[in-house]
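Derivation of every value follows stated rules applied to the coordinates shown; laboratory data play no part. Computed from a prediction, not measured in an experiment: that's the story for all the values here. Note that each Cβ is placed from the backbone with ideal geometry, even for glycine, and that neighbours are counted across all protein chains shown.
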Amino acid sequence: MFRPDVIVIGGGLAGSEAAWQLARRGLKVSLIEQKPARMSPAHTTPLFAELVCSNSLRSDDPDTPAGLLKAELRRAGSLIVECADATRVPAGGALAVDRHAFSRLVTTRLALEPNVRIERRPAEGLPEADVPVIVAGGPLVGGGLAARIRSLCGDRFYFYDAIAPIVEADSIDWDHAFRGSRWGKGTDDGGDYVNCPMSTAEYRAFVEALRAGQKVPPRAFEEPKYFEGCLPIEVMADRGDDVLAFGPMKPVGLETRAHAVVQLRTENIYATSFNLVGFQTRLTYGEQKRIFAMIPALAKAEFLRFGSIHRNSYIESWRLCGSELELHALPHVRLAGQITGVEGYIESTAMGLLAALFTHGRAIGKPVPAPPPTTGFGALYHHLMRRRAPGEPFSPTNINFGLLPPLEGRAKKRDRRALHAARAQEAMGSWLAEVA
Ligand SMILES: Cc1cc2nc3c(=O)[nH]c(=O)nc-3n(C[C@H](O)[C@H](O)[C@H](O)COP(=O)(O)OP(=O)(O)OC[C@H]3O[C@@H](n4cnc5c(N)ncnc54)[C@H](O)[C@@H]3O)c2cc1C
């Protein structure tokens, strides 16, 4: 009789990876997948590891953030990246795949793995505490499972994502920016924020550009209904000429005579990146780059992440989980994949692999330490788990260099990516030698 050592719910990117990693380490895994009996609004095939949109796993250059994470996944023996490599299609420097061949290969590999038992049915709740569980239900998790997560996580379980862009600190034009918090509140020097002033003419042109800019249309299953406290900037621009100037761009409490001020808030503990406060948006990425360059301080800004608004189920991991991604409220349950608060195919895969390592480590009595923050894995993990200051929002992230600790010593900008990558590879090697 097949008695599972671990139950994995969800056979997407994270769940497939987690099940594979556990099985390869000798644990018996029940992998519960709801398809084809129930399909999310974005999934269309019965296959595992379905890519619901783009067929690209992004850049394969190890000196880019996505390439770095994939290099780490390869070193960790990722099933997803192995199958992607085997089914790649020409896409310049990116790792793009024949999506059906890719998902078929993942499905076949799991089906042929003796330690994996596939159960095709929706999980409507969470199994009792006699077996560890990994929940990888993805950004569109629904039904009884979502309700159960909600009952455990309360209002720290979110269904929509409203993300503001993040820029690299080095790319801000400081001749057009000044530090300072409204009304001098904040740390001792009162300089928690970077303020980017705009004249009346600059502001008016900016509002016009926001109105005319090309937006990403909502998907069929997304309702374009927004929380009043979290409106997209283009919606505010549409509501009136000065709505933004009285809203997130209000110049009050600051030493400036500007008509409007864009505020940037420190995004990471290293102060190497800043987010544009209140700038959640549905503008296309190209339009964000073009239109935000109209803010004088951001004329040459380099974006680590663009803004977006989309349907996405995720939790605030740092509040709700222990250091091994286990839920405080139900410690035999770990979350994995996008639901932990990462974004994207490879990021979700990495969080599936990590949840498997933590689960396996516990099962054999050899707990796995957190991945080093200088690695792509560690950067994502520490983003999820970093304690936030009161009022500091938590938003999901894809992998970007802004999540990594700054390099020691001074390095030319053009050399930094390669140095980040080299440092990450070295740290990853030591960590894997300890845990894999
Ligand atoms: C519309 C849309 C477009 C996207 N486009 C991109 C893109 O272009 N590039 C990119 O990198 N990322 C994209 N993403 C994000 C990407 O889908 C996720 O990062 C990734 O698929 C998450 O992996 P996951 O394993 O966490 O979830 P998923 O891959 O979604 O897998 C979750 C699995 O769990 C199953 N499941 C859910 N609930 C249950 C249940 N109760 N019982 C059993 N099984 C269950 C689902 O059927 C599914 O197979 C997109 C997301 C959406 C929603």
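Tabulated results
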| read-out | value |
| --- | --- |
| Taking the stretch 334-427 and dividing mean pair separation by its residue count, relative contact order in percent (alpha carbons under 8 Å, at least six apart) | 28 |
| Amide H contacts of Val116 (H built 1.01 Å from N, under 5 Å, at least 5 apart or other chain) | Val29 |
| The stretch 231-283-the stretch 117-148 distance, computed between alpha-carbon centres (Å) | 39 |
| Over 30 Å (Cα to Cα) - which of Lys35/Lys215; Lys366/Lys412; Lys250/Lys300; Lys215/Lys412; Lys35/Lys70 fall in this group | Lys35/Lys215; Lys366/Lys412; Lys215/Lys412 |
| Karplus (6.51, -1.76, 1.60) ³J(HN,Hα), θ = phi - 60°, over the stretch 362-372, in Hz, Gly and Pro reported as x | 5, 4, 9, x, 10, x, 8, x, 4, x, x |
| Loop-exposed chymotrypsin sites (Phe, Trp or Tyr not before Pro) per DSSP, neighbour cap 11 Cβ within 10 angstrom, longest uninterrupted part of the chain | 3-220 |
| Tail weight of P(r) past 24 Å, computed on alpha-carbon pairs of the stretch 312-436, percent | 29 |
| Gaussian network model of the chain, springs between alpha carbon atoms under 10 Å - residue of Ile339, Ile172, Ile163 with greatest fluctuation | Ile172 |
| The stretch 166-303, relative contact order in percent, only Cα pairs under 8 angstrom and at least six apart counted | 40 |
| Cleavage-rule hits (GluC sites (Glu not before Pro)) in the stretch 189-297: DSSP loop, at most 14 neighbouring Cβ within 10 angstrom | Glu222, Glu255 |
| Helix-derived mean residue ellipticity, 222 nm - over the chain, DSSP H n ≥ 4, -39500 (n - 2.57), to 500 | -10000 deg cm²/dmol |
| Most fluctuating residue given options Thr281, Thr359, Thr87, as computed from a GNM of the chain linking Cα atoms under 10 Å | Thr87 |
| Considering only the chain, percent of DSSP beta bridges that pair antiparallel, nearest 5 | 65 |
| Long-range amide H partners of Thr397 with built H, under 5 Å | Val342, Glu343 |
| Those aspartates and glutamates that a straight Cα-Cα span of less than 14 Å connects to Lys289, excepting residues fewer than 8 apart in one chain | Glu168, Glu302 |
| For the chain: relative contact order, % (alpha-carbon pairs under 8 angstrom, 6 or more apart) | 20 |
| Positive-end residue of Gly391, Tyr270, Gly429, charge dipole of the chain with Cβ unit charges | Gly429 |
| Options Tyr285, Ile172, Pro369, ranked by Cα towards positive dipole end of the chain, top entry (Cβ charges) | Pro369 |
| Nearest-20 debye value, the stretch 4-126 charge dipole, Cβ charges on Lys, Arg, Asp, Glu | 320 |
| Test item: Cα-centred dipole of the chain, Lys/Arg +1 and Asp/Glu -1 on Cβ, debye | 620 |
| Under Karplus coefficients 6.51, -1.76 and 1.60, residue-wise ³J(HN,Hα) of the stretch 264-273 in Hz, glycine/proline x | 10, 10, 4, 9, 10, 5, 8, 6, 9, 8 |
| Amide H partners (placed H, <5 Å) of Glu267, local residues excluded | Ser273, Phe274, Asn275 |
| Candidates per GluC sites (Glu not before Pro) in the stretch 353-436, loop by DSSP, up to 14 other Cβ within 10 Å | Glu408 |
| Angle in degrees between helix 413-435 and the longest Cα principal axis of the chain, rounded to the nearest 10 | 30 |
| Karplus 3J(HN,Hα) series, Hz, for the stretch 148-154 with 6.51 cos²θ - 1.76 cosθ + 1.60 (x for Gly, Pro) | 5, 4, 4, 5, 8, 10, x |
